[in-house]
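Remarks on the structure that follows.
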Amino acid sequence: MRGVEASQNKFQEDGFLVLEGFLSAEECVALQQRIGQIVAEMDVPPHCRAEFPPRILNKAEEQQKTQDNTEYFLSSGDKIRFFFEKGVFDEKGNFLVPPEKSINKIGHALHAHDPVFKGATHSSKVQAVARSLGFHMPVVVQSMYIFKQPRIGGKVPAHQDATFLYTEPLGRLLGLWIALEDTTVENGCLWFIPGSHTSGVSRRMVRTPAGSMTGISIRGSDPAWDNSLYVPTEVGRGSLVLIHGEVVHKSEQNLSDHSRHVYTFHLMEASGTVWSPENWLQPTAELPFPPLYT
């Protein structure tokens, strides 16, 4: 019991917590093998494949491509969809690198539509963690498999998850980030500013009114976070990192020869919480946010 209480206190103090050995090597392999099957069978829409040089697109075509890509993202909350690194397609939409090495992430409803990832998300171990943190009615709002490909895996700028997944009141969002491979400074581990989850959220990504061209907009701006405050968080394969919805974190580009596969998903305490109707991600009639506890 003391260990649980100490972990809770550490999480509340820092805004993140590492739990080593959360998944076994065999459990990690099972998720990696399943994602390999999904990638092998993926169907990539043409507008996601083609990165046309600007010079051959007129303004109307550029606008249509932007709208198509935005709609593909905005309507992904209840689906399994594919998002790619920059520069992996030629002008005809052909892969310049093998498809399995080109993908950035798969999201945002693996937890609902794939039995392997559904099982991992709703496991007794995950439920026990949520209960230990005091979640009464947690629901799963999204899930992602992130690849962080060798040499091309892009950086993720400093941010707070609640910028994109906003709740009222704040403090009801929890990220669970499971390393399926060792994560190091070289291959793009997480960096946190400990204690940065206590100052609220200054920037929001919101949906724009229906019919608008952009689909999403940014409201507000982030402060200039002091780069010296970041702490690199290297973790071993199978580790779980708990991420408070308002803690500031980032990851750098993967410049190594090793990938950094991660399965991550977000929980929200549904009791007494309002999910912002302006969030890009919204529950749908086809997929209301499923309860974590089964």
TODO: Taking H placed 1.01 Å from N in the peptide plane, check which residues at least 5 places from Gly93 or on another chain put their amide H under 5 Å from its amide H.
DONE: Glu51
Open item on the list: Could you identify which residue out of Arg81, Arg34, Arg204 has the top mean-square fluctuation in a GNM of the chain using Cα springs shorter than 10 Å?
Closed with: Arg34
TODO: For the chain, with all protein chains present and a 1.4 Å probe, just round the carbon and sulfur fraction of the accessible area to a whole percent.
DONE: 55 percent
Open item on the list: Starting from the 7 Å offset along Cα-to-Cβ, what nm value, one decimal, do you get for the label separation of His136 and Tyr293?
Closed with: 1.0 nm
TODO: Enter the Cα centre distance for the pair region 94-159 and region 227-264, rounded to the nearest angstrom.
DONE: 13 Å
TODO: Work out from phi, with θ = phi - 60° and the Karplus expression 6.51 cos²θ - 1.76 cosθ + 1.60, the ³J(HN,Hα) of each residue of region 13-19, listed in order in whole Hz, and give x for Gly and Pro.
DONE: 6, 8, x, 7, 7, 9, 10
Task: Compactness index (Cα Rg / 2.2 N^0.38 Å), region 118-261 - done: 1.12
- [ ] Take every Cα-Cα distance within region 105-189, group them into 10 Å bins from 0 onward, and report for each bin the whole-number percent of pairs it holds.
- [x] 13, 41, 38, 8, 0
Task: the chain: calculated mean residue ellipticity at 222 nm from DSSP helix runs of at least 4, using -39500 (n - 2.57) - done: -7000 deg cm²/dmol
Open item on the list: Quick check: residue separation of Val44 and Arg219 times 0.36 nm, minus the Cα distance between them. What number comes out in nm?
Closed with: 59.9 nm
Task: Nearest-ten-degree value, helix 59-74 long axis tilted from longest Cα axis of the chain - done: 30 degrees
- [ ] List the relative contact order of the chain as a percent without decimals, with contacts defined as Cα pairs under 8 Å and 6+ residues apart.
- [x] 29 percent
Task: Highest average packing first - 237-246, 270-279, Cβ atoms within 10 Å - done: 237-246, 270-279
- [ ] Skip the ligands, DNA and RNA, and give the accessible area per residue of the chain with a 1.4 Å probe, whole Å².
- [x] 48 Å²
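The values are calculated or read from the model by the stated rules, or taken from the named source; none is laboratory data. The shown structure was predicted, so the numbers you read here are calculated from the model rather than taken from an experiment. Please note: Cβ atoms are built from the backbone with ideal geometry, for glycine as well, and neighbour counts cover all protein chains shown. Just so you know, the surface numbers come from the protein's heavy atoms only, side chains and all, with ligands and any DNA or RNA stripped out. Shrake-Rupley method; radii C 1.70, N 1.55, O 1.52, S 1.80 Å.
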